[in-house]
Amino acid sequence: MDFEQLHSLLQAERDAVRRLSRCLQQEHQALAELDGPALETVTRSKQQILQDMEQQAGERTRLATTAGYGSDTMEAFIASRDRQGQLAACWHELLEELRACQQQNRINGSVIELGRERLHATLGLLRGQASAPRATLYQANGRTPTSLDHRALGTA
């Protein structure tokens, strides 16, 4: 395992993470615009990118293991093959971009969860259900009433 091979692998991983970042931004936009077809396309792209990343990470781990390093000692493995800090810089950049992707993924998950809660609350109101999520009203004293006058707005 030489420097060039590891450097190439880390660059490929970094490129995949950058593609994932763009994909997550597109996903966020599709969620904000409630664009189902765009969301389906982005989801397929995201799945392919994640498969690529998993394969690349597996290859990096295999190389480290073959060289006598565990997956938990990746920095030591990289340092053992490094020239003038180039691999370490690439590795840290990769990790930083992965953290940014994780954050964007959390944001997207929150958007999805908020939409789900709104849908359930709306359906609960339409059905006249007292236990609709986030549909509970408060009295002037800050307490929830023990009963609310619920009437279904319609039937299907």
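Identify the GluC sites (Glu not before Pro) of the stretch 1-100 meeting these criteria: DSSP loop state and at most 10 other C-beta atoms within 10 Å of the C-beta. Working shown, then result.
Details: sites: 4, 13, 27, 33, 40, 54, 59, 75, 93, 96, 97; in loops: 33.
Loop-located and lightly packed - 33.
What FRET efficiency would be calculated for the residue pair residue 125, residue 41, taking the C-beta separation as r and a Förster radius of 41 Å, to the nearest 0.05?
Working: r = 33 Å, r/R0 = 0.80.
Once the sixth-power term is evaluated, E becomes 0.80.
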Simple spin-label estimate for residue 116/residue 65, 7 Å along Cα→Cβ, in nm, reads 3.3 nm
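Any idea what the relative contact order of the stretch 1-133 is, in percent, if you count C-alpha pairs under 8 Å spaced at least 6 apart? Walk me through the numbers before you get to the answer.
Working: 100 pairs, mean separation 43.0, N = 133.
About 32 percent, as a whole number.
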Quantify, in whole percent, the carbon and sulfur part of the accessible surface of the stretch 69-123 (1.4 Å probe; protein heavy atoms only).
-> 54 percent
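The values are calculated or read from the model by the stated rules, or taken from the named source; none is laboratory data. What you see is a predicted model; the values in this text were computed from it and never measured. Every residue, glycine among them, receives a Cβ derived from its backbone with ideal geometry; neighbour counts consider all protein chains shown. With ligands, DNA and RNA removed, areas are computed over all heavy atoms of the protein, side chains included. Shrake-Rupley method; radii C 1.70, N 1.55, O 1.52, S 1.80 Å.
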